[in-house]
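The values are calculated or read from the model by the stated rules, or taken from the named source; none is laboratory data. Nothing here was measured: the structure is a model prediction, and the numbers come from that model. Note that each Cβ is placed from the backbone with ideal geometry, even for glycine, and that neighbours are counted across all protein chains shown. The accessibility values were calculated without ligands, DNA or RNA, using every heavy atom of the protein model including side chains. Shrake-Rupley method; radii C 1.70, N 1.55, O 1.52, S 1.80 Å.
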Number of protein chains: 2
Amino acid sequence: MRIAIDAMGGDHAPKAVVEGALAAAKEWPDTSIILVGPEDTIRSLLPEMPSNLSIRHASEVVEAEDEPVKAVRRKKDSSMVVAGRLVKENEADAMISAGNTGALMATGLLIVGRMEGIERPALAPMIPTLDGKGVLALDLGANMDATPENLLQYAIMGSLYRKAVHGVAKPRVGLLNVGTEAAKGNELTKAAYPLLENAPIHFVGNVEARDVLRADCDVLVCDGFVGNILLKSLEGTAGAIFSVLKEEFTKSFLSKLAAAVLKPGLSSFKKKLDYKEHGGAPLLGLKGLVMKSHGSSDALAVKNGVRQTRLALEHNLVGAISAEIASRKGAE
Amino acid sequence: MRIAIDAMGGDHAPKAVVEGALAAAKEWPDTSIILVGPEDTIRSLLPEMPSNLSIRHASEVVEAEDEPVKAVRRKKDSSMVVAGRLVKENEADAMISAGNTGALMATGLLIVGRMEGIERPALAPMIPTLDGKGVLALDLGANMDATPENLLQYAIMGSLYRKAVHGVAKPRVGLLNVGTEAAKGNELTKAAYPLLENAPIHFVGNVEARDVLRADCDVLVCDGFVGNILLKSLEGTAGAIFSVLKEEFTKSFLSKLAAAVLKPGLSSFKKKLDYKEHGGAPLLGLKGLVMKSHGSSDALAVKNGVRQTRLALEHNLVGAISAEIASRKGAE
């Protein structure tokens with residue numbers, strides 16, 4: 001399998017990306033890693049060059065503050081766009097980038113292309129849960145508005161991803177809603193509920209926002225607007241509480257002593273709630289595999305991104321989604 | 001002014017409600033308090049009977065598990081419905097209930113009646129913030145779906161409430177959204193933004209879910225579905241973190257000692273984040289004033305509910321909303 005990596009994406013690019021790619025190439029000799037970016041820069045960061053590692057030159061860089069669609073249209077020789085083109089032209093099976101999320105979604109749509117039968121590709125990160133396992137939530141911001149049919153496709157794609165990449169045999173799919181009863185919700189969720197009930201997934205019904213952390217499901221389906229509100233509210237609340245804790249911990253000599261006793265347990269808990277610990281997010285519903293790594297990815301995170309991508313490729317995730325969507329189209 | 005109180009609503013009814021009503025009657029001799037419920041029961045709980053306290057008999061009770069609309073239609077002699085009728089028939093200026101929220105909203109719509117020009121009355125509780133002041137959020141669950149015009153009316157009603165009841169001279173109104181830029185959001189928020197910009201309110205733009213706790217606004221506008229997701233996610237995250245803290249605090253002898261040092265500071269913080277500390281929620285956009293107290297209200301909370309209701313009446317909140325809505329209709 002061949003994985004293209006955008007060497008210039010992310011806060012610690014290109015150094016962390018190149019280091020992570022090198023580590024991945026050494027760990028998985030059966031995988032061809034193609035680093036995309038300015039050849040000289042990349043080469044200068046590589047102390048060695050395993051035979052399964054190669055460089056594809058790209059002269060431009062999509063910046064974090066670039067307007068997504070404009071960047072993809074204008075910076076045709078950027079590392080991100082060139083990596084997307086490698087997937088489109090079947091020179092790579094997948095691409096990974098830790099760069100500008102909006103631009104990566106635009107690269108997915110405009111360069112790699114939407115899978116036939118899929119109306120809206122979805123971004124699917126893991127939301128942290130108290131058990132440390134996390135729940136795959138989609139859509140998280142690729143599309144603000146969704147139709148019931150969109151939510152059904154999110155559910156199918158999310159299930160197949162959890163099976164392929166995380167080995168969950170029968171992923172429990174929940175619908176983010178305001179109550180557990182079937183009749184609860186807004187027009188969208190009320191219309192989506194029966195579609196999910198009749199889909200080839202393990203639908204466990206509505207999941208309330210307050211129960212998401214308790215990990216009552218493996219896949220959580222929602223529109224991109226609501227998903228953003230959920231995730232940001234979770235992050236904001238956790239962040240605020242931990243910053244107040246920190247204040248309390250440093251108030252006095254005695255509180256510092258007390259904090260020292262409690263810190264180990266709390267740190268491991270805080271880590272569980274840190275979404276950055278939960279790996280990258282696939283962009284599902286494209287003709288090829290596109291993976292988003294966190295902007296703050298270090299070399300280890302880049303290597304872990306390759307690990308996830310390999311699992312998705314090994315299980316032919318894109319083919320499985322395509323087959324499922326096509327069979328549903330045929331059944332209509 | 002005359003305030004009808006549903007004596008049978010809430011987890012601690014009728015005892016806590018009667019006690020709170022008595023305390024309110026004694027504190028504010030200019031206010032007539034009408035306790036609505038089974039006369040004998042109420043009388044047996046009253047050690048004294050100030051001249052501004054009276055009882056209006058009602059033989060039935062709306063239970064927490066009753067289906068809202070059905071309960072309001074069938075239990076015509078319930079304490080909640082009778083209190084609503086007192087408002088409608090101008091025998092009371094406002095009503096307060098700590099009972100079934102859905103049934104109270106149905107009482108508001110079916111008994112008290114919608115204000116002319118208002119499409120959707122909204123439930124507006126306070127969401128806790130780190131500064132302890134809270135933000136008035138609406139709609140929180142009265143209507144799952146909203147139009148841009150609904151959001152505009154929520155903004156106007158919420159502003160007038162904050163002025164009247166909390167004395168905020170120029171309430172900052174924020175639109176709950178996925179980013180701060182004007183062009184961000186789903187179809188609803190993108191269409192609502194220009195309406196809010198041109199409204200007679202102090203619109204401060206979009207507010208992200210992660211910033212709600214930081215109290216960047218006094219009034220937060222959203223549809224009922226999204227509002228529920230925000231509030232439940234905030235409660236769920238805070239609850240989960242505090243329960244993990246409790247576990248860490250009781251793990252060992254040493255951690256119990258450490259906890260004892262940190263507890264005072266953390267308890268006051270936890271209290272700030274407890275939405276139950278933030279008083280009741282008005283149901284805005286009705287012909288009369290309807291206030292929802294928390295189901296867990298004790299006598300003090302009931303008395304505080306009367307305090308808020310008095311402020312709203314003193315400032316003629318319903319008249320102010322009606323005038324503002326009518327002037328907008330005229331301008332159209």
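Structure data summary
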read-out	value
When residues of the range B:162-196 are limited to those that are in contact with a strand residue (DSSP E or B) (Cβ under 6 Å, 6 or more places away or on another chain) and either farther than 20 Å from B:Leu231 by Cβ or of a type in the set (Phe, Trp, Tyr) (or both), the one surrounded by the fewest Cβ atoms within 10 Å (Cβ to Cβ)	B:Lys170
Failed item in (1) open to solvent by 50 Å² or more (accessible area, probe 1.4 Å); (2) farther than 28 Å from A:His315 by Cβ; (3) at pLDDT 95 or above, with A:Val72 passing the rest	(1)
Qualifying residue in the range B:245-263 (condition: under 30 Å from B:Gly113 (Cα atoms), at the interface with another protein chain (Cβ under 8 Å from one of its Cβ atoms) and touching a Ser or Thr at 6+ places or on another chain (Cβ under 8 Å))	no
Selection within the range B:14-37 - open to solvent by 30 Å² or more (accessible area, probe 1.4 Å) and within 21 Å of B:Glu63 (Cβ to Cβ)	B:Lys15
Failed criterion for B:Ala215 (all others in (1) within 9 Å of another protein chain (Cβ to nearest Cβ); (2) buried (at least 16 other Cβ atoms within 10 Å of the Cβ); (3) modelled with pLDDT under 85 hold)	(1)
Top-ranked residue of the range A:1-12 - restricted to ones that are open to solvent by 30 Å² or more (accessible area, probe 1.4 Å) and of a type in the set (A, V, I, L, M, F, W, C), ranked as farthest from A:Ala312 (Cα to Cα)	A:Met8
Odd one out for B:Gly108, checked against (1) buried (at least 16 other Cβ atoms within 10 Å of the Cβ); (2) modelled with pLDDT under 95	(2)
Of all residues in the range A:48-65 being touching a helix residue (DSSP H, G or I) at 6+ places or on another chain (Cβ under 8 Å) and not hydrophobic (A, V, I, L, M, F, W, C), the one that is nearest to A:Gly305 (Cα to Cα)	A:Asn52
Residue that is nearest to the chain's Cα centre (by Cα) [pool: residues in the range B:137-168 that are in a helix (DSSP H, G or I) and among the polar types (S, T, N, Q)]	B:Ser159
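Table: residues versus (1) at pLDDT 95 or above; (2) β-branched (Val, Ile, Thr); (3) in the same structural domain as B:Leu311 (by TED's automatic domain parsing); (4) open to solvent by 10 Å² or more (accessible area, probe 1.4 Å).
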position: B:Ser54; (1), (2), (3), (4): yes, no, yes, yes
position: B:Val81; (1), (2), (3), (4): yes, yes, yes, no
position: B:Leu86; (1), (2), (3), (4): yes, no, yes, no
position: B:Met95; (1), (2), (3), (4): yes, no, yes, no
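Okay, residues lined up against (1) open to solvent by less than 40 Å² (accessible area, probe 1.4 Å); (2) on the phi < 0 side of the Ramachandran plot; (3) in the same structural domain as A:Ile5 (by TED's automatic domain parsing):
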{"residue": "A:Leu266", "(1), (2), (3)": "yes, yes, no"}
{"residue": "A:Ala299", "(1), (2), (3)": "yes, yes, yes"}
{"residue": "A:Lys303", "(1), (2), (3)": "yes, yes, yes"}
{"residue": "A:Leu311", "(1), (2), (3)": "no, yes, yes"}
{"residue": "A:Ala320", "(1), (2), (3)": "yes, yes, yes"}
{"residue": "A:Ala323", "(1), (2), (3)": "no, yes, yes"}
